[in-house]
Amino acid sequence: EDFGQTLGVWGAEPGAYVVLPFFGPRNVRDSFGLIGDMFTDPVMYVEDDDARMAIIGTRVVDARANLLKAEKVLDEAATDEYSYIRDAYMQRRQHLVYDGNPPEDDFDVFAE
């Protein structure tokens, strides 16, 4: 769980899709959630600068290693990489906010 998910459960709309340098794809709600995530991350309260940087560096390397597998799928499946990543990100975040049980879309155009 992260603060962006918490904001979503509280009713905040996801907003526009953005790509932040270094942080990657996000929506506006999750971008604001980054602030809460930073203040609640125990690693940020490690007093030894070298230890804190080592932990953060390990996280970055691990995240990049996990993305290498996804890059192969992206190369094979996507004709438009931007829209493919955007749609996948937005669907995954909706799934996470609703713990796998999102509300059904209302497609009845004749409803009153």
Per the 1.4 Å probe, what fraction of the accessible area of the chain, in percent, lies on carbon and sulfur atoms? 60 percent
Please list log₁₀ I(q)/I(0) at q = 0.12, 0.13, 0.19, 0.25 Å⁻¹ for region 3-98, using the Debye equation with identical point scatterers on the alpha-carbon positions. -0.49, -0.57, -1.07, -1.31
Treating only Lys and Arg (+1) and Asp and Glu (-1) as charged, each at its beta carbon, one finds that region 3-98 has a dipole about its Cα centre, in Debye to the nearest 20, of 280 debye
Of ALA54, ILE35, ILE85, farthest towards positive along the dipole that unit charges on Lys, Arg, Asp, Glu beta carbons give the chain: ALA54
Accessible area per residue of the chain at 1.4 Å probe, in Å²? 78 Å²
So what's the back-of-envelope 222 nm ellipticity for the chain, counting only DSSP H runs of four-plus at -39500 (n - 2.57) apiece and dividing by all residues, rounded to 500? -19500 deg cm²/dmol
Calculate, for ASP105 and TYR45, the FRET efficiency according to 1/(1 + (r/R0)^6) with r their C-beta to C-beta distance and R0 25 Å; round to the nearest 0.05. 0.05
Where does the longest stretch of the chain lie that holds no chymotrypsin sites (Phe, Trp or Tyr not before Pro) found in a DSSP loop with 12 or fewer other Cβ atoms within 10 Å? 24-106
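The values are calculated or read from the model by the stated rules, or taken from the named source; none is laboratory data. Bear in mind the structure is a predicted one, so any value in this text is a computation, not a measurement. Methodologically, a virtual Cβ is constructed for each residue, glycine included, from the backbone with ideal geometry; neighbour enumeration extends over all protein chains shown. The area values use the complete protein model at the heavy-atom level, side chains included, leaving out ligands, DNA and RNA. Shrake-Rupley method; radii C 1.70, N 1.55, O 1.52, S 1.80 Å.
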